[in-house]
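Working notes, structure below.
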Amino acid sequence: MIPEALARQNSLAALMASLAAAVARPGALPEPVLRAALQVLGLRVQLPSNGPTADLLRTAIERSGTFLEASLAKGTAPSADMKSALLALRLSLATWLGGNLAPVHATQQAAPPLRGMPPRAAQPDLQPLPETAREAARALHQQADAAVSRVKLMQLASLPDADPMRPAVPELRMEVPFLLGSELVMAQFQVFRDGARKRADGKRGWTMRFAMNFSGTGEVGAEVGLIGRSVSVALWAAERDTAERLEATLPELAPALAALGLEAGSIRIRSAPPEPETPPSGRYLDSVT
């Protein structure tokens, strides 16, 4: 399952762009497919000009698809969920095509959401949607299948480690589509308990990493650590000019945290993205061999 998902997975960005183009074509999609497409597009989160609120971010993460089965088991599944919407879209496209699906072929993929690897947000490779309805449907089906595979990998990365000989820090992985004006920005999230930072009373902290890629700034990200009421922040930007602009805003961060009742700990800027870790050997197989 993991090798197949690794070979097929890709970011939601390509599917979102293709769906937006498809629904703009009058009569391009039959009514069941159109309904499913609009459900997926409806899960994009419109970012306010002053940034997301805590409630907006929490709702977006809950609907990311990572928690679907766990929520169903508890009877608390959200009314809208990305994985269930993607599965419905893939099924509606397969039904319309009558099983005449395009073979899966290699495309430029986003970095897979593997456990322990810092999130990255490269600009997606967006291909124009084919003009003919059937070819467009086959392209949409392949992109929906790739998005489902990516959600499955995020769910697998979020499971507790089953190997006691190679324990890993439990974490959660999510991908959330944001709209900044008309620009689609895919946010990659990683959340985990931080065993390295511990208070005197034994309480451990939490760490959240995220990465986004805006057309005006390039790739940016952060690592935010919380222990008690103390917050440490490490911002990074792939573009040096963006890193310098972020550094100029650092004096505003501590007062903003204080206004929320939080204490500013270490706050710093890096002019390069974090280095990826090497995944343990033997955990994933090469799907080609």
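Bear in mind that the values in this text are calculations on the coordinates, not laboratory data. This one's a predicted model, so the numbers in the text were calculated from it and none came from an experiment. With ideal geometry, Cβ positions are generated from the backbone for all residues, glycine too; neighbour counts draw on all protein chains shown.
Across region 171-270, Cα-Cα pairs farther apart than 23 Å form 35% of the total. Calculated over region 2-158, the projected area of the Cα convex hull averaged across directions stands at 10.5 nm².
Averaged over residues, the count of other Cβ atoms within 10 Å places the peptides 57-69, 262-274, 223-235 in the sequence 57-69, 223-235, 262-274, highest first. Three principal axis extents describe the C-alpha atoms of the chain; from largest down they are 62, 46, 39 Å. At a 10 Å Cβ-Cβ cut-off, how would you order 117, 186, 174, fewest neighbours first? With the sparsest Cβ surroundings first, the list reads 117, 186, 174.
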